[in-house]
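Here is the structure we will look at, set down as structure tokens.
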Amino acid sequence: MKVHLSLPTTDLARSVAFYKTLFNTEPLKRNDDYALFVAENPGIELALNPQDRVHTDSGAHFGIAAEKPEAVDAATERLTRAGLVADVENDETCCYARQNKVWTTDPDGRRWEVYYVLEETKERDGADAQCCSEETCDDYATCCAG
């Protein structure tokens, strides 16, 4: 089973390059007006459709749950080489879990994280948590304050 997402984009070429790096795979289909990624890890089908304008919700983000901590390290390296890393968080408590993660943003402003849960916690956020801070959220009130 896979999740299917269809996302609008203002720049198909830039978005294809971004998602090739994020998913570490080539698109299955690529036309002037459409691209489709089908990946097993993560299990996703992502369709990209050009539009003149795209509105993103600053309080929303997308995540890829890694099965091993090394997957976060590999994503960090891949995204860094492509100049796409926005933030790296290691051993931080956020959203009731101690996690390692890397954040990036697609060309249309959608935030993505690749993360690995080290352990579940009873506290929502650690004292030094960056995942839910004014510095890491476009709109702190809707993104992090929950």
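Quick notes on this one:
- All told, Gly59 meets the bar of being out of contact with any Lys or Arg (no Cβ under 8 Å at 6 or more places or on another chain) and small (Gly, Ala, Ser).
- Only one entry of Lys68, Lys20, Lys29 meets the criterion of being in the same structural domain as Glu119 (by TED's automatic domain parsing), modelled with pLDDT of 95 or more and of a type in the set (Lys, Arg), and that entry is Lys68.
- Hits in segment 1-23 - residues which are exposed (fewer than 14 other Cβ atoms within 10 Å of the Cβ), within 11 Å of Ala39 (Cβ to Cβ) and basic (Lys, Arg): Lys2
- Residue satisfying all of: in segment 63-118; in a helix (DSSP H, G or I) and of a type in the set (Val, Ile, Thr); surrounded by the most Cβ atoms within 10 Å (Cβ to Cβ) among these: Val72
- Pairs with Cβ under 8 Å, 6+ apart, first in segment 88-107 and acidic (Asp, Glu), second modelled with pLDDT under 90 and surrounded by 20 or more Cβ atoms within 10 Å (Cβ to Cβ): Glu89/Cys131; Glu92/Cys131
- Each residue in segment 54-70 was checked for being in contact with a Cys (Cβ under 8 Å, 6 or more places away or on another chain) and of a type in the set (Asp, Glu), and 0 of them qualify.
- Subset of segment 34-50 (residues that are aromatic (Phe, Trp, Tyr) and surrounded by fewer than 16 Cβ atoms within 10 Å (Cβ to Cβ)): Tyr34
The values are calculated or read from the model by the stated rules, or taken from the named source; none is laboratory data. Please read these numbers as outputs of a predicted model, since none were measured by experiment. Please note: Cβ atoms are built from the backbone with ideal geometry, for glycine as well, and neighbour counts cover all protein chains shown.
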